[in-house]
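Worksheet for the structure shown next.
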Amino acid sequence: MMLGKVTATLVSTVKHQTYAGRKILVVRPMDPDGTLRPGSVVAVDTVGAGEGDVVLVASEGRAAMEILGYDRRVPLRSVIVGIVDSIQSGSKEQA
Amino acid sequence: MKLGRILGKVWATAKDPKLNGLKLAILQPVDEADSPIGRELIAVDTIGVREGDLVYWVGGAEATFPFAERQIPSDVTIVGLVDRLDPSRK
């Protein structure tokens, strides 16, 4: 899973039916020390994450299928699976 | 999934029969600031995009699963059109 920070909410009307009714967020990859990395991931939220939250993103199709309850493979791979409360990295800790 | 900007379309008459009937688009991967990331890709278009559209797309094995009844030989498939991005206030 990837550590990231939610930077935006994605509003989309025309989309594949797999995404219908789901909250879609844009997540920037983040180092454990809080540094944001280049690139953006579009992920479906399953845990009630919101803008500014530090989250865990799983990017694997079969994991997405299991979490979202599909009995067949779907064109969706990135899912927010957790909201991070705190990180301890080396001697540093941040909320 | 990732964001991308549609730069154009591609037509190919001679192609794998499993691609028949599918539309192909030129896709530039971008970040949320619309800055290009890497090179342009050719994507299967499942939603009917137009040049200039901001979309999100899926790569890898998941790109082969847009249809319940068949798999397609694609490694990049467009799955949604972005109306807008509401930036974080925090």
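The values are calculated or read from the model by the stated rules, or taken from the named source; none is laboratory data. Owing to the predicted nature of the structure, the values given are computational and were not obtained by experimental measurement. Note that each Cβ is placed from the backbone with ideal geometry, even for glycine, and that neighbours are counted across all protein chains shown.
A single entry from A:Pro32, A:Pro75, A:Pro38 fulfils the requirement of being in contact (Cβ under 8 Å) with a residue 40 or more places away in the chain, within 12 Å of another protein chain (Cβ to nearest Cβ) and more than 15 Å from the chain's Cα centre (by Cα): A:Pro75. Kindly establish whether A:Gly61 is small (Gly, Ala, Ser) and within 19 Å of B:Phe67 (Cα to Cα). For A:Gly61, the condition - small (Gly, Ala, Ser) and within 19 Å of B:Phe67 (Cα to Cα) - is met.
With respect to the conditions (1) buried (at least 18 other Cβ atoms within 10 Å of the Cβ); (2) modelled with pLDDT of 95 or more, B:Glu32 lacks only one, and its number is (2).
All conditions but one from (1) closer than 20 Å to B:Phe65 by Cβ; (2) touching a residue at least 12 places away in the same chain (Cβ under 8 Å); (3) under 15 Å from the mean Cα position of the chain (by Cα) apply to A:Val84; the one that does not is (1).
Residues that are under 14 Å from B:Trp57 (Cα atoms), at least 3 per element: which strands (runs of 3 or more DSSP E) completely within region A:24-90 meet that?
Hits in region A:24-90: A:24-29, A:41-45.
If you filter region B:1-20 down to residues that are closer than 23 Å to B:Leu54 by Cα and among the small types (Gly, Ala, Ser), you find that the one that is surrounded by the most Cβ atoms within 10 Å (Cβ to Cβ) is B:Gly4. All conditions in (1) under 17 Å from A:His16 (Cα atoms); (2) surrounded by fewer than 23 Cβ atoms within 10 Å (Cβ to Cβ); (3) over 11 Å from the mean Cα position of the chain (by Cα) hold for A:Asp45, with the sole exception of (3).
Applying the condition of being of a type in the set (A, V, I, L, M, F, W, C) and within 14 Å of another protein chain (Cβ to nearest Cβ) to region B:1-15 and asking which residue is farthest from A:Val26 (Cα to Cα) yields B:Ile6.
Here B:Glu69 meets each of (1) surrounded by 14 or more Cβ atoms within 10 Å (Cβ to Cβ); (2) of a type in the set (D, E, K, R); (3) more than 9 Å from chain A (Cβ to nearest Cβ); (4) without any contact (Cβ under 8 Å) to a residue 24 or more places away in the chain with one exception, condition (1). Within region A:2-17, track down each residue that is more than 9 Å from the chain's Cα centre (by Cα) and either in a loop (DSSP other than H, G, I, E, B) or facing another protein chain (nearest Cβ under 7 Å) (or both). Correct list: A:Thr7, A:Ala8, A:Thr9, A:Leu10, A:Val11, A:Ser12, A:Thr13, A:Val14, A:Lys15, A:His16.
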